[in-house]
1. Semi-axes of the equivalent ellipsoid of the chain: what are they in whole Å, largest first, if each equals the square root of 5 times a C-alpha gyration tensor eigenvalue?
2. Quick one: accessible surface of Lys35, probe radius 1.4 Å, all protein chains present, in square angstrom to the nearest 10.
3. Can you compute the modelled spin-label distance between Lys8 and Val46, with each label point 7 Å from Cα toward Cβ, in nm?
4. Can you tell me the accessible area per residue over the chain, all protein chains present, probe 1.4 angstrom, in square angstrom?
5. Could you please state how large a percent of the accessible area of the chain is carbon and sulfur, counting protein chains only and using a 1.4 Å probe?
6. Relative to a virtual label point 7 Å from the Cα of His38 in the Cα→beta-carbon direction, which members of the range 1-25 show backbone nitrogen distances below 19 Å?
Amino acid sequence: LITAELLKRFKKGDRFINIVRCALFDGAALVQIFKSGHLFAVGLDVHEHEPHVNQKLCKMRNVT
């Protein structure tokens with residue numbers, strides 16, 4: 001549901017937090033938008049392909 005196009009509509013400096021128990025967001029798009037500096041922080045209780053966690057997100061600062 002949360003695609004790259006929707007993530008681009010967030011205000012610069014916003015935080016993305018996901019606590020919904022389903023495949024809600026595009027993980028690759030989230031990595032791309034976050035790396036661009038558009039988002040300030042990401043908080044994830046749920047990951048796109050659990051139990052597998054996107055290793056790129058794990059290594060990023062301001063991602064919890």
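The values are calculated or read from the model by the stated rules, or taken from the named source; none is laboratory data. Remember, it's a predicted structure, so these values are computed and weren't measured experimentally. Every residue, glycine as well, gets a Cβ built from its backbone with ideal geometry; the counts of neighbours run over all protein chains shown. These accessible areas exclude ligands, DNA and RNA; they are computed on the full protein's heavy atoms, side chains included. Shrake-Rupley method; radii C 1.70, N 1.55, O 1.52, S 1.80 Å.
1. 17, 13, 10
2. Roll a 1.4 Å probe over it and Lys35 shows about 150 Å².
3. Going by the 7 Å Cα→Cβ label model, 2.6 nm.
4. On the way: 4500 Å² over 64 residues.
Normalised by residue count, the accessible surface of the chain is 70 Å².
5. So the carbon and sulfur contribution to the accessible surface is 56 percent.
6. 1-18, 24-25
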